[in-house]
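Everything on this sheet refers to the single structure shown next.
All of the numbers you see were taken from the coordinates with simple rules; none came from a lab. Please read all numbers here as calculations on a predicted model, not as lab measurements. Using ideal geometry, Cβ is built from the backbone for each residue, glycine included, and neighbour counts are taken over all protein chains shown.
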Amino acid sequence: MVSLLTLFTNPILSSPSSCSSVTLFLHPPIPPTTVHFSLSSVSAFHPHEWFSISKFSKASRNELKPLFPQLGLRPTKHISIQCSCINSPANLHTDIGILFPFFRELGLEDKETELVLDKNPTLALTSLDSIRARVRSLLSLRIDSLTLSYLIIKCPSVLTAEEIDPFICFVRDVLENKIEPMQLKHLLATADPRFLVGFDKKVKLLLDHGVPSEKIGYVLNHVKLAKAVCLRPIEEIDRTITFFSPYGGIDLIVRRPEILNYNLESQLIPRIGFLLDLSGGDKDATGNVVRRLPMILSYSVEHLEGHVEFLRSFAGLNNQEIFKIFLVFPSVVSASKERKLRPRIEFLKQCGLDSNDIFKFLIKAPLFLGLSFDNLNYKLVFLVKIGYKYRTRDMAMAMGSVTRTSCENLRKVIWLFLSYGLSYSDIVSMSTKHPQILQYNHSSLEEKMEYLIEDMGREVGELLAFPAFLGYKLDERIKVRYEAKKKITGEGMSINKLLTVSTKRFSTKKKEKKLLHVVENLNCDEG
């Protein structure tokens, strides 16, 4: 039977010559024997700084044999042990005893407390008031009790490491607790407290480079604090920010703080270099791609090369064309080559498009490469139902247009045309001439059709000859020009000529017509 008391031996508390007394209860019962032994003999048995009698009692007989002779015992004897330390007869045990109910209040079980004390023996040398103060400081970071318990078990040094207090003060008082508790939990549980030193200087560097103070919390909450800040030298952080000056600078990092997670030399520089080579050395264009999709920097060079090579070999595009597609739709790099790119480009080929046509199509309708299969399938079936022939150029152009609208809006547009008396074949005829009518907002189309019929007094059939009418802005172009022309030439004017002539030419003609009209009126008056 083993006593619940635990003997701790520490060179700081006891010199090698110090002795402890152990009372041994031998079985079968004989008078108790008290044996004095030096701490050095215990250290020989248990080389760690701290020695636990509970571990002593669980050791195998073979492990105990070297120690028995020093204690005047034979290995065959069964023993129970009580112990005390000469140098600190009561204080140490009292402090440890107080820690157990204290940690119970924090949600730790006794077994967990034992584990914490074993992982961080310094707690036994730390006053309870100091530990309480550290707990209060951690809770002031908006860390809840459950998270605090997790941190104490995972990394007990949070209660004693001297680097913690300056870090807490900076986060709480200077940053005003802008770092989320979950971020702090991950940082404190994974990073050695020594790496918290200089955290304030690195944050100040970000602010000095132009991160707005109201955005610093967002930046710090979207990076891996240990990897991007604590473990990274301040010089490397500075070089990273400086490197991105031609490509969006600090604004790019504010938009996509995760950039700071990547290594400058082995990841960021090669990835920017690849895009720069693809652009033909155009830093401005490369910056545009990165600003449009900062997440592109999360892809490895090998991944980017794979997509470029696929577009080059399967779609027949050259580097210049591929980069232009990157400019309008950088998310192409996130699309699966086999599940999205290959079947969709194959569809365009089946519709009769060559590599030049495919390039023009993708520049106008890049979302064709990114939409879900269900979205495209719904629209494809819809177009076939209204009369488009499958695998034709007209079908491809119509698909390019409907990728820029929702399935619901497409359905309402078709219903609107039908409600005005147009047939499916009329809709196909109109959209073949002007595919964009399938993507226009249905409410805007209804306003223009109503104005055409009610205010201009025209027939809906005129849209069959000039469907592009529906693409002009109602208030800024259609109404203004119609009202201006109506006063001069009357209502019988061509809506095609009314809208397609340039603004400059329209203004000149309007002035000429007005002047001619004034002269005619003067002549009539003289007559």
**Report entry** Unit charges on C-beta of K, R, D, E only; dipole of the stretch 171-278, Debye
**Finding:** 240 debye
Requested in this report: Please check which bits of the stretch 432-447 a label hung off Lys389 would reach, taking the label as a point 7 Å along Cα-to-C-beta and the cut-off as backbone N under 20 Å.
Outcome: 432-435
Report task. Note down the magnitude of the dipole of the stretch 231-315 about its Cα centre, charges +1 on Lys and Arg C-beta and -1 on Asp and Glu C-beta and zero elsewhere, to the nearest 20 debye. Result -> 280 debye
Report summary line: Where a ≥ b ≥ c are root eigenvalues of the Cα gyration tensor, a/c under 1.5 meaning rounded, otherwise prolate if a/b exceeds b/c and oblate otherwise, the stretch 314-377 counts as oblate
Report summary line: In this structure, the FRET efficiency calculated for Glu235 and Asp284 from their beta-carbon separation, with R0 = 45 Å, to the nearest 0.05, is 0.95
Query raised in the report: Where in the stretch 177-245 are there GluC sites (Glu not before Pro) that are in a DSSP coil and have at most 12 other Cβ atoms within 10 angstrom of their Cβ?
Result: Glu214
Report task. With a/c under 1.5 counting as rounded, go ahead and sort the stretch 179-336 into rounded, prolate or oblate using the C-alpha gyration tensor (a ≥ b ≥ c being the square roots of the eigenvalues; past the cut-off, prolate if a/b is larger than b/c, else oblate). Result -> prolate
Report task. Give me the distance in nm between label points sitting 7 Å out from Cα along the Cα-to-Cβ direction at Ser425 and Asn177, one decimal. Result -> 7.3 nm
Query raised in the report: Tell me which aspartates and glutamates have Cα within less than 13 Å of Lys433's Cα, excluding those fewer than 8 residues away on the same chain?
Result: Asp394
Query raised in the report: Under 14 Å from the Cα of Lys497, which aspartates and glutamates turn up, not counting those fewer than eight places away in the same chain?
Result: Glu462
Query raised in the report: Too long at a 29 Å Cα-Cα cut-off: which of Lys119/Lys178; Lys364/Lys473; Lys340/Lys360?
Result: Lys119/Lys178
Query raised in the report: If you take the charge dipole of the stretch 444-503 about its Cα centre, with +1 on Lys and Arg Cβ and -1 on Asp and Glu Cβ, which of Val460, Ser502, Tyr482 is farthest toward its positive end?
Result: Ser502
Query raised in the report: Mind checking the dipole of the stretch 315-474: about its Cα centre, +1 per Lys or Arg Cβ, -1 per Asp or Glu Cβ, Debye to the nearest 20?
Result: 780 debye
Report summary line: Most packed first (mean Cβ within 10 Å per residue), the peptides 154-161, 275-282 order as 154-161, 275-282
**Report entry** Evaluated at q = 0.11, 0.15, 0.17 Å⁻¹: base-10 log I(q)/I(0), Debye formula over Cα of the stretch 195-270
**Finding:** -0.23, -0.43, -0.56
Requested in this report: Calculate the translational D of the stretch 134-188 in whole µm² s⁻¹ from Stokes-Einstein, where the hydrodynamic radius comes from the Kirkwood formula applied to all Cα pairs, the temperature is 25 °C and the viscosity 0.890 mPa s.
Outcome: 222 µm²/s
